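What follows is a single structure, written as structure tokens, with notes after it.
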Amino acid sequence: RPVVTLNTDVADCARLAYVGCDYRESGQTAAQLMGLLTGGKARILIVTGSHEVLGHTQRIGGFTQVLRDEFPAAEIVDVVENKDDDALSAQAVTNALAADPAINAVYFCAAGVSGGVQAALDAAAQPLTILTCDTTPAICRLVREGAVQATIDQQPYWQGYTAMKTLLEQLLFQKAPAADCLYAPNEIRVKYNL
């Protein structure tokens, strides 16, 4: 039976293909955008779901690499976990901003965004540059309102369509996918192209 992993790949799995985000590239895209928006002099808080989730760590790795290579004056002050939960996100962001009021940028590389963004807006000592990933209705609202400057789209509809198409082509026509990793485009979304 053919297997397609969707959104999260599984190591050492006899799968037909992985369909989902190129998490490293997503992090790289966010880092370049962060560097451009802040003039490369940001003090950044990263909010992740879990250090145990491969996609989250790949995003952080890509983000860190681009900052190091292209924006050496930018500094990652802290990386906090929120377990993809809004309440935990709010508490972690509040604590981080209290510990370092000079933080002027926040990168959410997982879920738990609504609570974390609201906490950031409430606790910040200065205007913040905030970037996220995904285009959930809550994130789109935050982008439209200007609380979040931009988000990197994970293309959930493309992912679902491509996974089903890949499976059907294999089952009906024995057609193999073009590659074993079918990556969604990492597109930057701002309020004018949501």
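A few points about this structure:
- Projecting label points 7 angstrom from Cα along Cα→Cβ for residue 178 and residue 36 puts them 2.5 nm apart.
- Under 5 Å from the amide H of residue 182 lie the amide H atoms of 18, 19, 20, each residue being 5 or more positions distant or on a separate chain, with H modelled from the backbone and absent for Pro and chain starts.
- In the chain, Cα pairs under 8 Å separated by at least six residues give a relative contact order of 24 percent.
- Added length on full extension, which subtracts the Cα-Cα distance from 0.36 nm per residue, residue 171 to residue 43: 41.0 nm
- Folded to 0 to 90 degrees: helix 54-70 orientation relative to the chain principal axis, Cα: 60
- Listed values (1) 1, 9, 19, 23, 24, 16, 7, 1, 0; (2) 1, 7, 14, 17, 15, 12, 8, 6, 4, 3, 3, 3, 2, 2, 1, 1, 0, 0; (3) 1, 8, 16, 19, 19, 14, 9, 6, 4, 2, 1, 0, entry calculated as P(r) over Cα pairs in 5 Å bins from 0, in percent: (3)
- Shown in residue order for region 156-163 are the 3J(HN,Hα) couplings computed by the Karplus curve 6.51 cos²θ - 1.76 cosθ + 1.60 at θ = phi - 60°: x, 5, 4, 4, x, 4, 5, 4 Hz (x for Gly and Pro).
- Over region 59-125: Rg over Rh, Cα atoms, Kirkwood Rh: 0.98
- Counting only protein heavy atoms and a 1.4 Å probe, the chain has 50 square angstrom of accessible area per residue.
- Geometric descriptor of region 83-194, per residue, is 118 Å³ (volume of the convex hull of the Cα atoms).
- Cross-link partners of residue 165 among lysines (Cα-Cα below 24 Å; sequence separation of 8 or more within a chain): 175
- What the phi angles of region 72-85 give under the Karplus curve with 6.51, -1.76 and 1.60, with θ = phi - 60°, is a coupling list of x, 7, 7, 10, 7, 7, 7, 10, 10, 9, 10, 6, 6, 10 Hz, glycine and proline written as x.
- What you get for region 139-194, charging only the Cβ of Lys and Arg (+1) and of Asp and Glu (-1), is a dipole of about 200 debye around the Cα centre.
- Antiparallel bridge percentage (DSSP; both residues within the chain; nearest 5): 10
- Per DSSP, loop chymotrypsin sites (Phe, Trp or Tyr not before Pro) in region 93-194 with at most 13 further Cβ within 10 Å: 192
- For the chain, the longest principal axis of the Cα atoms and the long axis of helix 113-123 meet at an angle of about 10 degrees.
- C-alpha long axis of helix 86-99 to longest principal axis of the chain, angle in °: 40
- Mean separation of Cα pairs under 8 Å and 6 or more residues apart, divided by the residue count, gives region 25-134 a relative contact order of 32 percent.
The values are calculated or read from the model by the stated rules, or taken from the named source; none is laboratory data. Keep in mind the model is a prediction, meaning the values are calculated, not measured. FYI the Cβ positions are ideal-geometry reconstructions off the backbone, even for glycines, and counts take in every protein chain you see. These area figures cover heavy atoms from the full protein model, side chains too; ligands, DNA and RNA do not enter into them. Shrake-Rupley method; radii C 1.70, N 1.55, O 1.52, S 1.80 Å.
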